[in-house]
Each structure stands twice: as C-alpha cells, then as structure tokens.
Amino acid sequence: MKKRKIILDCDPGHDDAIAILLAGNHPDIELLGITIESGNQTLAKTGFNALNIVQYLGLNVPVCLGSPEPLIKEVEVCPAIHGESGLDGFDFDPLIRDFDSRHAVTFIIDTILNSIQPVTVVTTGPMTNLALALKLEPKIKLKIDEIVLMGGSYTNGNVTPAAEFNILCDPEAAHIVFTSGCIVKLFGLDVTRKVLVLPEIITRMEKINNSASLFFTKLMKVFNENQKKVFGFEGGPLHDPVTLAYLIDPKIVSMLKVHCDIDLSRGTSYGRTNCDIFDYLKLPKNIEIAVSIDVKKYWDIIEEGIKRYT
Ligand code: RIB
Ligand code: CA
C-alpha cells in the first residue's frame with residue numbers, strides 16, 4: 001500500500017508532541033515536514049520545541065518556521081496548559097538540529113506542488129500557515145488530498161463557551177480553510193475530550209520502557225497537572241494525536257458531513273465552529289466532523305506508536 005504523504009502543521013504543545021511521535025515513525029505515513037506557528041506558545045518557543053522533539057525522537061524531517069501571529073487577531077498563548085516553554089516537563093539535550101531555511105508557507109506550497117501524489121495536510125494548531133498558503137497559491141487545492149484538523153467542536157469551546165483554542169487563535173484563517181473547497185475533516189473537542197490520559201494510561205505507556213515512553217510519560221504528567229488545575233480533569237484530553245489516529249485507522253471514528261461556518265462576529269461567539277449537525281439550514285455540507293471515537297483503539301494506536309521507537 002502507498003504511504004500517505006503528510007505535512008504536519010502544529011504549535012508544540014504537549015499533545016502536538018505526541019502527534020509528531022505518531023506521524024514520525026508509522027509504516028503507512030510519510031511525514032514530509034513539520035510547519036510551525038504560534039499558538040500554545042510564541043513561535044520562538046513552539047519552533048524550538050519542534051526541533052527538540054524531532055532531535056530527541058531521531059526524526060529526519062524538515063522543521064519550517066511559519067507565522068508568528070494570526071492573520072488579524074493578536075497572538076494568544078496557553079501557558080496555563082503547556083507552561084512557559086510550551087512543552088514543560090521534559091529536559092532535552094543541547095539542540096544540534098536547525099530549522100529548514102524555507103518559510104512554512106513556502107514549504108507547504110512547494111511540497112504540495114512538487115509532489116506527484118496528493119498530500120494530506122494535518123493541522124493541530126491555529127491554521128494561519130495553511131490559510132496563507134491557500135491564498136498565496138490556490139493551485140495547491142488541486143493536490144491536497146484532505147485537510148485533517150484538530151479544532152472546534154459542535155458543542156462547546158474550551159477557551160470561551162463557544163470557541164476552541166485552535167480556531168479562536170485565528171478564526172479568519174479557519175474561515176479560509178473551511179471555505180477552501182478542500183475536503184476538511186474536523187476532530188473537535190466532542191471526541192478529543194473522550195481520550196483522557198488517565199493514570200492507568202500513563203502506567204501502561206511507562207511499562208514500554210523506551211525513549212518514547214519516557215517522553216510520553218514525563219510530558220503527560222505535566223500536561224495532566226495543568227489540565228487538572230484548569231479543567232479539573234483526572235487526565236488531560238490527548239487532542240492532537242486523534243488526527244493521526246484517524247489516518248492510521250479511519251474506522252476509529254464515525255464522521256458526519258455537515259455545513260460548518262466560523263463565527264467571525266467578534267461577539268461572545270467569536271471563533272465558534274457553527275456545525276449544522278441537524279441540517280436545519282440545508283446549506284452545502286463543507287466539512288466532515290468526528291462525532292464518536294473508539295477509545296480503546298485509540299490507546300492501542302498510541303501504545304503501538306510508542307513501541308515503534310527504541
Ligand atoms: O484545544 C486544544 C488544542 O489547542 C490542541 O491542539 C492544543 O495543542 C492546543 O493547541
Ligand atoms: Ca496543538
């Protein structure tokens with residue numbers, strides 16, 4: 001079977017780090033590159049976090065810095081969950097790896113246009129880089145297999161009652177992506193809040209006793225402490241790797257085709273993903289949203305991903 005070629009656009013971020021872990025070493029996935037923007041922390045921090053992650057995991061993939069700020073809004077970061085570094089909880093060796101010289105938007109455009117096979121774009125942070133690429137070179141739409149993103153929800157948010165962090169960081173970018181005409185698959189809080197890194201999950205992954213399990217358990221212990229403080233969760237929702245788990249085993253989720261628009265009203269619902277799951281408005285269905293997830297299979301995929309490292 002042909003490997004699925006992907007670009008992972010992210011804002012590492014504890015859960016982004018596990019998404020990179022899964023993407024970087026799966027027999028069915030070819031990780032063409034990692035593109036970075038601000039989100040969980042400023043670009044300077046998310047960028048170096050990404051370099052540290054690929055260096056520690058031994059992944060030979062380009063890391064390209066992208067947009068330091070959203071299209072319109074001010075930068076918002078999330079130290080309450082991810083800490084001052086954006087990846088608190090793990091001590092990396094001195095950094096040797098460096099960034100690829102290309103801007104993330106240039107990398108996205110060139111990689112997609114030069115690929116013979118269509119490319120899947122996975123985003124697990126704000127969608128500023130992808131939105132800029134779509135606007136700068138619309139031809140990439142013809143060679144994007146699908147856009148698979150963590151963000152939004154058809155219920156509530158996690159920053160405001162209405163909006164989820166990745167979307168609210170750059171609602172205008174999300175609007176560009178959701179109206180692009182590309183196949184958009186959304187993995188929102190409705191399913192990601194079902195996959196909590198409970199203590200028994202940490203114990204299970206710790207037992208693997210390799211470099212990746214140490215990485216997972218140390219990061220998740222801090223992630224969980226912060227999620228408990230902010231949301232009272234017994235385990236943090238491991239949001240971002242749900243995108244990769246879907247690519248690895250699409251049967252892990254059930255999807256619903258819906259019309260979805262992004263609230264750009266600048267009111268209390270700014271950044272909401274308005275998903276018409278009952279098709280009240282009879283508008284064109286422009287996205288697919290995950291409405292359920294097989295939690296057992298998800299943790300099996302995470303465990304298998306960790307075991308693929310030494
Ligand atoms: O709302 C969860 C999302 O926001 C995740 O991608 C997390 O990493 C943060 O970016
Ligand atoms: Ca993220």
Hydrodynamic radius (Kirkwood) for region 8-121, which is based on Cα pairs only, to one decimal in Å: 14.4
Only Lys, Arg (+1) and Asp, Glu (-1) charged, at Cβ; the chain dipole about Cα centre in debye: 680
Simple spin-label estimate for T42 and N114 in nanometres, 7 Å along Cα-Cβ: 3.2
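As an exercise, use a Förster radius of 25 Å and the Cβ-Cβ distance of T310 and D249 to find the FRET efficiency, rounded to the nearest 0.05. Present the calculation step by step, with values, prior to reporting the outcome.
Values: r = 24 Å, r/R0 = 0.95.
FRET efficiency, T310 to D249: 0.60.
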Extent along principal axes [Cα atoms of the chain; Å; largest to smallest]: 51, 43, 41
Axial C-alpha extent at least 20 Å, average Kyte-Doolittle at least 0.0 - helices from the chain (DSSP): 43-57
Options N226, F187, N210, ranked by Cα towards positive dipole end of region 165-266, top entry (Cβ charges): N210
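At a threshold of 8 angstrom on Cα-Cα distance, excluding pairs fewer than six apart, so keeping six or more, what relative contact order does region 2-134 reach in percent? Kindly include the intermediate steps, with their values, before the conclusion.
Values: 261 pairs, mean separation 45.1, N = 133.
Dividing the mean separation by the residue count of region 2-134 yields 34 percent.
Using the structure shown, list the pairs from K207/K307; K5/K207; K3/K257 with a Cα-Cα distance above 22 Å, or answer none. Before the final figure, lay out each step's value.
Values: K207/K307 10 Å; K5/K207 31 Å; K3/K257 26 Å.
Where the Cα-Cα span goes over 22 Å, the pairs concerned are K5/K207; K3/K257.
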Sequence-separation-based contact order of the chain, relative, with Cα cut under 8 Å and 6+ spacing, percent: 19
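Subtract the Cα-Cα distance of V159 and T203 from 0.36 nm times their separation in residues, and report this length gain in nm to one decimal. The partial results should precede the final answer.
Details: separation 44, 0.36 × 44 = 15.84 nm, distance 2.96 nm.
Here the answer is 12.9 nm.
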For R193, R308, order by how many other beta-carbon atoms lie within 10 Å, fewest first: R308, R193
FRET efficiency, S292 to I96 (Cβ-Cβ, R0 35 Å, nearest 0.05): 0.25
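So what's the net charge close to S115: Lys and Arg +1, Asp and Glu -1, counting the other residues with Cβ under 9 Å from its Cβ? Intermediate results must be reported in sequence, preceding the final value.
On the way: positive: K5, K143; negative: none.
Summing Lys and Arg as +1 and Asp and Glu as -1 gives +2.
Give, rounded to the nearest 20 debye, the magnitude of the charge dipole that region 43-189 has about its Cα centre when Lys and Arg contribute +1 at Cβ and Asp and Glu contribute -1 at Cβ. Intermediate results must be reported in sequence, preceding the final value.
Numbers: 9 positive and 16 negative charges, 109 e Å.
Here the size comes out at about 520 debye.
In debye, nearest 20, what is the charge dipole magnitude of region 161-310 about its Cα centre with +1 on Lys and Arg Cβ and -1 on Asp and Glu Cβ, if you could check?
Values: 19 positive and 19 negative charges, 64 e Å.
So the magnitude is around 300 debye.
Read-outs throughout are calculated quantities, based only on the coordinates presented, and are distinct from any laboratory measurement. Not measured: the values here are computed from a predicted model. Note: ideal-geometry Cβ built from the backbone for every residue, glycine included; neighbour counts use all protein chains shown.
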